[in-house]
Amino acid sequence: MCPRTAKQFENIRADKRKQIIDAALVLFANKGYHATSISMIAKNAGISKGLMYNYFESKEALLYVITDEITTNIMDMMNPDHDDEITTLEMEDFFTLLFDSLKEKTEQWKLFYQISMQKDVLEYLAHQNQSEKAIKNNQLIYRYFAERFKNPQVEMMLFSSLFKGFSMQYVFEPELFSQEVVAGFKAKFIEIIVKDKMV
């Protein structure tokens, strides 16, 4: 039997890392971040607790990787060509991608909203997110609203409030939403948020 190549080891390591992230995501989303231990994550990932630390130095570090991936996914939907501008068409497309994401990545969204209710976790993530990437994302979203609305701060808050309220209920109680209701919400979001630039 031939010894493994460096590429094979790299692939094995990447697969194991994803296995840990997936296990942690399900536990964090359904049991809660504080109620989930490293031992529980290791057990669900099918590895030893000691091996966990070869991939992530702490539960906090693992949470940061997961939430960073969620944020990256959101920005990829909003600015898919990464050209530092969210166009009117991209924002319209964002709502289609977003509603698909709410249905397909329920665990990620459950975690996203559970974290938003935990002040200590939010403070940790906010501290970690003072990165160039996070600042750039915030500026990009603000610019979209500033170019289209007279009071961008208010419109951003309105968008955030409407979106969080709907999507949180949709993620935790999907049985309340028929396809017609979801289509109606999507149309209303587009009507409110998707605008051409002011001249």
Legend entry - Carbon plus sulfur fraction of accessible area for the stretch 143-199, probe 1.4 Å, in percent: 60 percent
Inset, instruction - Any chance you could give the angle, 0 to 90 degrees and rounded to 10, that helix 59-78 forms with the longest Cα principal axis of the chain? - result: 40 degrees
Legend entry - Carbon + sulfur, % of accessible area of the stretch 1-119 - ligands and nucleic acids excluded, 1.4 Å: 54 percent
Legend entry - Cα-only radius of gyration and Dmax that characterise the stretch 91-199, units Å: 15.2, 43
Inset, instruction - Could you tell me which of rounded, prolate or oblate describes the stretch 1-94, using a ≥ b ≥ c as the square roots of the eigenvalues of the alpha-carbon gyration tensor, with rounded for a/c under 1.5 and, failing that, prolate when a/b is larger than b/c and oblate otherwise? - result: oblate
Legend entry - FRET E, pair ARG17, HIS127, Förster distance 30 Å, beta-carbon r, rounded to 0.05: 0.80
Legend entry - Highest-first arrangement of 140-148, 20-28, where packing means the average Cβ count within 10 Å: 20-28, 140-148
Legend entry - Sites GLN8 and GLU173, calculated FRET efficiency, Cβ-Cβ separation with R0 41 Å, nearest 0.05: 0.35
Inset, instruction - Give me D for the chain in µm² s⁻¹, whole number, from Stokes-Einstein with Rh from the Kirkwood sum over alpha-carbon pairs, 37 °C and 0.692 mPa s. - result: 174 µm²/s
Inset, instruction - With everything on Cα atoms, drop me the angle between helix 152-172 and the longest principal axis of the chain, reported from 0 to 90° to the nearest 10. - result: 50 degrees
Legend entry - C-alpha long axis of helix 119-128 to longest principal axis of the chain, angle in °: 90 degrees
Legend entry - Qualifying lysines (Cα of each under 22 Å from Cα of LYS103; at least 8 residues distant if same chain): LYS18, LYS31, LYS164, LYS186, LYS188
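The values are calculated or read from the model by the stated rules, or taken from the named source; none is laboratory data. Owing to the predicted nature of the structure, the values given are computational and were not obtained by experimental measurement. With ideal geometry, Cβ positions are generated from the backbone for all residues, glycine too; neighbour counts draw on all protein chains shown. Please note that ligands, DNA and RNA were not included when accessible areas were found on the heavy atoms of the full protein model with its side chains. Shrake-Rupley method; radii C 1.70, N 1.55, O 1.52, S 1.80 Å.
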